[in-house]
Amino acid sequence: MINEKKKILIIGSGAVSSALAKKLHENTEVGEIFIASGNGIPSDIYTNIDYREEDITGLLNFVLENDIFLTIPTSEKSLKSDIVSFFQSNGQNIFGPNKNACAIALNNAAGKKFIYKIHAQTSKFGIFDKQQPAEDYLRTVNFPVTIKVNEYSSIIDDRLVCSTMSLAREFLSTLYQKNETNVIVEEFTYGKNFTIYYITDGYSAVPITSVQNYKFTRDGDGGILTNGIGCYCPDINTSELIYSRVGNIVQNTLSSLDKKGTPYIGILGVECTLTGEDKFYVNEFKPFFQEHDAKAVLNLINDDLVQIFISCINGFFSDEYEEIRMNNCFSTSATVLSRQNNKIINGLENIEDLENLDFINVKKTNDGKYLTTKGPAFTLTRSAGTLSRARKYLYEDLEEIHFDGIKYRKDISEFIIV
């Protein structure tokens, strides 16, 4: 009897869901792949389905009607809806943390408090519901400071580095006028930003790889602070000692969550800033791969992700996996931004392999043209045996793409020779 291929549902949009679908498509045991709500761009690899990411009842009905083998929520909207608990209670395979477990990754205030509670070194911070106490706190800290909203977001303008009191006051005023609560004010930490990703069944955690993040929009770390505008991996600055220490933090995190009865099952990223040799601050947790690094990380994984995810769901992960099999390549990615709406993207046909490109927010017209939407447009990723070669390929591809208002960093993995 021929085994039927496994159908997969990914819940999310943008570059993360696209990159994950392409990776899973490499698995010969995987059949149809669906993405809700997807990026709106038709694909031969996956099918976009018209369901909101938080429509847990509609998505469950789709899973039951289409005999979906595995569901993978990748977006904050789906995780906040507690789709994991809902699907689990209905006997479905779903890989991800429930709402309570991933609060430390979706809620910046909760995450910062948790980091402090487990005694991980982090920057000095305060959390405020009103502007005046926040301004009073600013008089006690060292500038520059980072001010960010409470709810985790992948958008660009949810945080700002402020070098002066006047700029900090202005940004705080903007946030409180939008009725933001639990606004975080923290001293800015200088250094290289990196994330180590782990796969966990809630009890044991196995590292995947480290990623060096480029978070500012301008070369040389200028411009607006983002969640990530580019990366390379593995990060050559992440030593074995750092891996060990971050691993201890992850184990403390899992133990604490398990004691609360909310074990974290899924992918957990620990974002840090390297402050000196083998020294780092923990900044925040990530609930899944990010727009700027998903493809870069996935390109390095040789192991069967479906098998790993099912092993975590069934509670066999700690017995079956001591490590995740990786290849010996390097990856580097850049997120391309658009300063304007509805500009035609030219040159995509000149890209050697369009599988390296993952759309974030782009429209496709009936006559096959791609149009920009202001903000992040797509992520382009290249991998190779050396980091310098991956970087060369990346920027050769980027030079082929043109549209009015294009913007991307030109110094990702620069001056690094491997």
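Applying the criteria of a DSSP loop state and at most 15 other Cβ atoms within 10 Å to the trypsin sites (Lys or Arg not before Pro) of segment 316-384 yields ARG325, ARG339, LYS369, LYS374. State which entries of LYS77/LYS295; LYS7/LYS343; LYS279/LYS407; LYS23/LYS112; LYS192/LYS410; LYS259/LYS295 exceed 28 angstrom in Cα-Cα distance in the structure shown. Violating the 28 Å Cα-Cα cut-off are LYS7/LYS343; LYS279/LYS407; LYS23/LYS112; LYS259/LYS295.
Amide hydrogen proximity for THR275: with H placed 1.01 Å from N in the peptide plane, the residues at 5 or more positions away or on another chain lying under 5 Å are PHE280, TYR281.
Rg and Dmax of segment 375-418, both derived from C-alpha coordinates alone, stand at 11.4, 34 Å. What FRET efficiency, computed as 1/(1 + (r/R0)^6) with R0 = 41 Å and r the Cβ-Cβ distance, is obtained for GLN340 and LYS124, rounded to the nearest 0.05? It comes to 0.55.
The relative contact order of the chain comes to 15 percent, based on Cα pairs under 8 Å that sit 6 or more residues apart.
If only the Cβ of Lys and Arg carry +1 and only the Cβ of Asp and Glu carry -1, the dipole of segment 187-327 around its Cα centre is close to 360 debye.
Taking the inverse of the mean reciprocal distance over all distinct Cα pairs, the Kirkwood hydrodynamic radius of segment 160-242 comes to 15.5 Å.
Diffusion of segment 345-394 by Stokes-Einstein, at 37 °C in a medium of 0.692 mPa s and with Rh set to the Kirkwood radius over alpha-carbon pairs, works out to 268 µm²/s. Semi-axes of the equivalent ellipsoid for segment 246-374, computed as √(5λ) from the eigenvalues of its C-alpha gyration tensor and ordered from largest down, come to 36, 19, 16 Å. Long hydrophobic helices in the chain: the complete DSSP H runs spanning 15 Å or more by Cα along their own axis with mean Kyte-Doolittle hydropathy of at least 0.0 are 14-25, 165-177.
Shape analysis of the chain based on the Cα gyration tensor places the equivalent ellipsoid semi-axes at 31, 27, 22 Å, largest first.
Restriction of the GluC sites (Glu not before Pro) in segment 315-418 to DSSP coil positions whose beta-carbon has at most 16 other beta-carbons within 10 angstrom yields GLU322, GLU323, GLU352, GLU399, GLU400, GLU414. Where the alpha-carbon atoms of segment 300-356 are placed on the principal axes, they occupy 51, 26, 17 Å, in descending order. Note on segment 70-176: along the principal axes its Cα atoms extend 53, 30, 19 Å, ordered by decreasing extent. Its Cα gyration tensor gives segment 52-129 an equivalent ellipsoid. The semi-axes, each the square root of 5 times an eigenvalue, are 32, 12, 8 Å from largest down. Measuring spread by the Cα atoms of segment 197-249 yields a radius of gyration and Dmax of 13.8, 40 Å. Dividing the Cα radius of gyration by the Kirkwood radius, what Rg/Rh value follows for segment 1-131? With Rg and the Kirkwood Rh in hand, the quotient comes to 1.08.
Since every read-out is calculated from the coordinates, none of them should be taken as a lab result. Predicted, not measured: the structure shown is a model, and the values here were computed from it. Using ideal geometry, Cβ is built from the backbone for each residue, glycine included, and neighbour counts are taken over all protein chains shown.
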